[in-house]
Each structure stands twice: as C-alpha cells, then as structure tokens.
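See structure below.
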Amino acid sequence: EPFVADEYIERLAWRTPGGGSRGGEAFDPKRLLEEFVNHIQELQVMDERIQRKVEKLEQQCQKEAKEFAKKVQELQKSNQVAFQHFQELDEHISYVATKVCHLGDQLEGVNTPRQRAVEAQKLMKYFNEFLDGELKSDVFTNSEKIKEAADIIQKLHLIAQELPFDSLMDFCCYPLSSPGKYHDLECQLIQEFTSAQRRGEIARMREVAAVLLHFKGYSHCVDVYIKQCQEGAFLRNDVFEDAAVLCQRVNKQVGEVFSNPETVLAKLIQNIFEVKLQTYVKDQLEEHRKSDAEQYLKNLYDLYTRTTNLSSKLMEFNLGTDKQTFLSKLIKSIFISYLENYIEVEIGYLKSRSAMILQRYYDSKNHQKRSIGTGGIQDLKERIRQRTNLPLGPSIDTHGETFLSQEVVVNLLQETKQAFERCHRLSDPSDLPKNAFRIFSMLVEFLCTEHIDYALETGLAGIPSSDSKNANLYFLDVVHQANTIFHLFDKQFNDHLMPLISSSPKLSECLQKKKDIIEQMEVKLDMGIDTLNCMIGQMKHILAAEQKKTDFKPEDENNVLIQYTNACVKVCGYVRKQVEKIRNSMDGKNVDTVLMELGVRFHRLVYEHLQQYSYSCMGGMLAICDVAEYRKCAKDFKIALVLQLFDTLHALCNLLVVAPDNLKQVCSGEQLANLDKNILHSFVQLRVDYRSARLARHFS
C-alpha cells in the first residue's frame, strides 16, 4: 500500500501506552516523546542498512553489465567468423551446382536422342503391325488405352501425310491416311465423348477432348457437344429465357471440359442465334408481315427488345476480345431484313391507324368532314389586322359540338408514343432523328391539322352573327379543349421526341414546325375574338328587351321600390357567366387580353345604352345603382383598365342627380376633371330638368 506519514504516526501513537485515550489510560506526553525518539533512531539504522544494500547491488549490477558487454563482443566475433564460413560454403555450392547443371546438360544431350530412338522404335513396331495388317499390341486392342492409341495414331498419321502417295501405296500403309485407322479412332473418340456427356462424366469429357484437340475432328467434337447441350433445353414457350438458362449452365461447364472455353461458348451462342432464334423470329414475324401491320410492329419491337436483353445477359460471359461486336453482328443477321424497311411500315401503319381513329370519331357524330378554311397564316393575320367582319362565309350550325375529343387525342398520342418507342429501339442511330421527325410529322398532320385545326375552322365558321338572338357561343368550348389538347401534344413533344433528336440538326426543324403550328392556331384563336361581338350583341338584345323608358323616369317618384333595373340584373348575370367561361377556356396572358377587350366593349355598350334615356332625379339614382352593379360585375374581370372605365362612368352618372349649384364642383372632381367637356355636357343633357334656365346657366 502507498506510504502515508500521517497514518503511520497515528498508528505508532495508538500502539504506545499513554499515547492516546485507549482503555481509560491517561495521556502521557513524555512516554510518547520517548517512543518517538526511539522509533526515529530505529528508522535511521534501517535507512543506513538499506543504503548499504543498495550500494552493494549497484556495484554488482555494474560488474554484470561489464561481463555482458564482453560476452556480446565475443558473440559478434563468432558471428563474423560464421558469416565468412557461410560465404565460402555458398561459393562452393554454386560451383557444385554449375558442375551438376553441366553434367545434366550432357546427360540430357545423351538421353534425348536415346528417348527419341526408343519412341521411333516403338513407332516402327506399330508401323510394322500396320504393314502386316494385324494389330496385336495391347494399346490397340484394349479399349481403356484409347488415349495412348490416339497419340500413336496421330504420330503415324503425321508420318504418313509426309510420305509421297506412291511410297505410301508401295509400303501398303494407306490405312494410316484418310480414310483409315486415323478416322476410325477419331470417330471412336467422338463417340466416347458423346457417351460421357450423356452420362455427365465431366472428367472423362475433359480427357477425351484433350486427346481430340490434336485431331482434325476436334471441331466436330465441339459441334456434338453444342448439339447435345441443346437437347431438351427449349421446352418452354419462352425461347429467350431458355437460351439464357442454357448459356448460364454451359458457361459453368465448358471451362471444365475444353481448353478454349470462350471459343466453344461463342460457337454455342452463334448456333442458338442462327438456328433457334432466327427460326423463332421468322415464324413470329412472317405470319403478320403482310396481313396485320400493327401486330407485326408489336412483335418486331418485342422480339428485338428481348433479343437485345438476351445479348446484355450474354455480355457477362467470356466470349473473346470483342464480344460486343460479335453479339451485335448476330442480332443484325437475324433482323436485318426486317429493319431495312421498318420505318416505311411504321409510317404506313401510323397513317392508316390515325385516319381510322379520326374517321371512326366523325362517324360516331354522323359528321361528314368538309373543307372550310382557305388561305395561309399571312392571310389570317391580315384579316385580323384589319379588324373587319371576318369573311367566314355562311354560319355553320354545329349543334353545340366542338368536334374535339380527348379520347381521340389520347389514342393518337398513344399510337405515336408507341411509334417513338419502336423508332428508338429499331432505328439505326444514324437514321434515328430522321425517322423520329417523320413520325412527328404524322402526329402534326392528324392531331394538329386534321383534328384541332379542323375543329377551330369549324368553330370559327359556327360563330353566329352579332345580331343573333339566343346565340350559343360554342367556340369558347373549342378553345378550351384545343388548349388542353395542345398541352398534351407539347408534353409528348418534350418527353418522347426531344430525347431522340436533341443532338441532331432535326431539332431545329422540329422546333420550327411546332412553332408554325402554334402560330397558326393562335391566329385562328385570335380570329375567334369575333365571339365577343356575339356576346355584346346578346347584351344589346337583353337591354333592348328588358330596359324600359319608365325605368329612369318613373311616374311616381316617391314610390320606387327596386334597387336596380331588371335589365341590369340579366346583363350582369350573362356577363359573369361569359367571364367564367373565358377563364375556363384560356390560360396565361390570353385570359387577360380577351377579358380586357370584352370589358372595354362592355363599357362602351353600357355607356351608349345610358345615352338613350332621359333621367328624373329618382331615375338618375336608379341609373347610378345600375352602374354600381355593372362596376361590381367589372371587378370579376380583374383588369385595372376595365374597373377604371366603370369608375369614371359611375362618376358621370352622378351628374344626373347632383344639384345644379354643385355641377361645376362635381365636374372638376378627380375622376371627371380630365374628361372632354362635351362628354360631361352630353350626360347633363340627359336630365329632364336640363332645359330649365338655372341648370343651363350653371353648366355653361
């Protein structure tokens, strides 16, 4: 335990009699002092004794250190001597090894000719047996020694091949050449390999294959192996999955059997592609090639996709150096005849299918398509610029039909989407942008021109004249549906066409074509602004039918119970419906543009309408109430200019009721100060009391 001086003193005092209060003994300081002095002397003696012991140990340690250092020096000298002996031994061993190698070379020089002579003697012995026509050696008669026999026959065959034909016949050893024992043994080896493969004896197969490697029939052995591998491998309906499973199984086995597994596996894959897959593809495609283009294209896409997927799986195996090119050539050999004219079949099918979808739709509506619009975009722009009544010819009654169908659009887009997918998969990379553009052109022709553009033309032709009563404005429904459809068209353009042409010159061509289509449609939609004339005409009809002269000049000024006139209520209700319809039919800045135009025309109509009546004091109040309701309706437009116009009109109506003495003050107010004096005068003239001298004097 660690030494603590205080505790040590306490224990010493406690053990000393009279050093504490133990057992009732009295404290004796002299005795305690005496004990401390004695104990200090003992400690001093102990310290001296320990110090002497320490010095003795230090001297002993120094002595042993000197002895150890001396011993280390002796060991180093011994090690140097041993190292010198080792070097001498190593030199001696090298010298002996050189002598042994030289002796070995001499022995080999003597033994090699001897071995060759022995082998030659054996071959001569077997050669004599062939000359006698009777094979007696055990190596030829024992079927278990077929490997040794094959080696001998191979060597004799090479000798026979080097002899002239006449000499061969003179020695009667023609059996050694083809056809002879060589080929008999070759066939026997192949048969043995076949039997071993059927029994699943990998070791025997490897042994026989190694023997056949030096024979001409080695390739036949590989062919037999490939043929037997495929027996029972294609029993399911999915030939591609069967092929993948077969190659996976053979890949594990072929390395254990053949010395060149990558060549054998490549030959197996080539056989599968050129025999099994090519036959299967031909059967699937030729059946529909001329009779059913849709099924033919679906099958072609499916088969090509599954073939390329199989090729991707086979890329995992070792097939040699350039396996990518090898597999690509195999795929091309199968589909070359179908891919050469693929795009023509695709365009032909897409054209007929799109035409059928449109015709089926129009037939369901009992509608016969007719030629309506003529002229190009520039002609349409000119007509818009002039802002004249559009020469659309006689109005066509569409009975509320927009001749736009989302079902038709979805079908056309779906067909085109599938065509883009097939184009991406089946087109050569160099032809991909060109083929994608042709498919896009088909979509533009049938969706944009034959369907959307036709519906817009029909809608324009169906816009009623501005003086029609109870006119149904279906053109806004056409605009709404056309807007929705074009968003779908634009989405397919970005999602499916752009990836195919993004890095080719066809990109600018497609964008320009799309821009032309948008511009043409916007011009025709702009032409539909004539619909606003119909709305204004409908409002005029409501005002003419519902507004009475007595509304603003009642017979009993003190008995007016209504807040605003019936004509105002109906017009505001009609306007709110049209505003909501415009908002639902359009989007973006088009909404604000059309609503501003409608709001300005609405204001002009109300302004001109109010100019037709004379107003009593109570009638003027009622007119102000009507204009306030019109202004509330104008807030729905959410157009600042329209609201400002109605605010000004509301201020003008105040001139109908203000006291004559306050006319000048009202006219100089914030909202009326900038108006032409003739406009102000025209409103003051509508008052029934205008002809009074006092009013005329105050306003002059």
Just subtract the alpha-carbon distance of Ile347 and Asn79 from 0.36 nm times their residue separation and send over the number in nm, one decimal.
87.0 nm
On a 19 Å Cα-Cα criterion, which of the cross-link pairs Lys332/Lys506; Lys589/Lys632; Lys369/Lys491; Lys491/Lys513; Lys351/Lys434 come out too long?
Lys332/Lys506; Lys589/Lys632; Lys369/Lys491
Return the FRET efficiency for the residue pair His681, Glu580: r is the Cβ-Cβ distance, R0 is 51 Å, and the value is rounded to the nearest 0.05.
0.85
Under the rule of at least 5 residues apart or a separate chain, name every residue whose amide H is placed under 5 Å from the amide H of Tyr615.
Arg687, Val688
With just the Cα atoms defining each centre, how far is region 623-663 from region 478-513? Give it in Å.
47
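Give me the dipole magnitude in Debye, nearest 20, for region 550-698 about the Cα centre, with unit charges on the beta carbon: positive for Lys and Arg, negative for Asp and Glu.
Details: 19 positive and 17 negative charges, 53 e Å.
Magnitude of the dipole: close to 260 debye.
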Can you compute the modelled spin-label distance between Glu67 and Lys313, with each label point 7 Å from Cα toward Cβ, in nm?
8.4
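Rounded to the nearest 0.05, what FRET efficiency is calculated for Arg691 and Gln563 with R0 set to 25 Å and r the Cβ-Cβ distance?
Values: r = 29 Å, r/R0 = 1.18.
Computed FRET efficiency for Arg691 and Gln563: 0.25.
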Using a 7 Å offset from the Cα along the Cα-to-Cβ direction at both Gln612 and Ala545, what is the distance between the two label points in nm, to one decimal?
1.4
May I ask you to give the solvent-accessible area per residue for region 485-597, in square angstrom, as obtained with a 1.4 angstrom probe?
54
How much length is gained on full extension from Gln671 to Glu421, taking 0.36 nm per residue of separation minus their Cα-Cα distance?
83.6 nm
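Let me know the charge dipole size of region 542-620 about its Cα centre in debye, to the nearest 20, where only the beta-carbon of Lys, Arg (+1) and Asp, Glu (-1) is charged. Kindly include the intermediate steps, with their values, before the conclusion.
Numbers: 11 positive and 10 negative charges, 61 e Å.
Here region 542-620 has a charge dipole of around 300 debye.
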For region 550-698, what is Rg from Cα atoms divided by 2.2 N^0.38 Å, rounded to two decimals?
1.13
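Pull out the extension gain between Ala97 and Glu401, defined as 0.36 nm times the separation in residues minus the alpha carbon to alpha carbon distance; nm, one decimal. Before the final figure, lay out the partial values.
Numbers: separation 304, 0.36 × 304 = 109.44 nm, distance 10.90 nm.
Between Ala97 and Glu401, full extension yields 98.5 nm more.
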In region 193-316, with Lys and Arg counted as +1 and Asp and Glu as -1 at Cβ, which of these residues, Gln295, Phe240, Val208, has the Cα nearest the positive end of the dipole, that is, farthest along it?
Val208
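Dividing the Cα convex hull volume of region 1-119 by residue count, how many Å³ per residue is that? Could you put the intermediate results ahead of the total?
Values: hull volume 24.8 nm³, N = 119.
Expressed per residue, the convex hull around the Cα atoms of region 1-119 is 208 Å³.
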Restrict the search to region 1-106; then list the chymotrypsin sites (Phe, Trp or Tyr not before Pro) that DSSP places in a loop and that have at most 13 other Cβ atoms within 10 Å of their Cβ.
Phe3, Phe27
Under a plain spin-label model, where a point goes 7 Å from the Cα along Cα-to-Cβ, how far apart in nm are Met46 and Asp495?
9.8
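The values are calculated or read from the model by the stated rules, or taken from the named source; none is laboratory data. All values derive from a computational prediction rather than experimental measurement. Virtual Cβ from ideal backbone geometry, glycine too; neighbours counted across all protein chains shown. All accessible areas refer to the heavy atoms of the entire protein, side chains included, with ligands and DNA or RNA removed. Shrake-Rupley method; radii C 1.70, N 1.55, O 1.52, S 1.80 Å.
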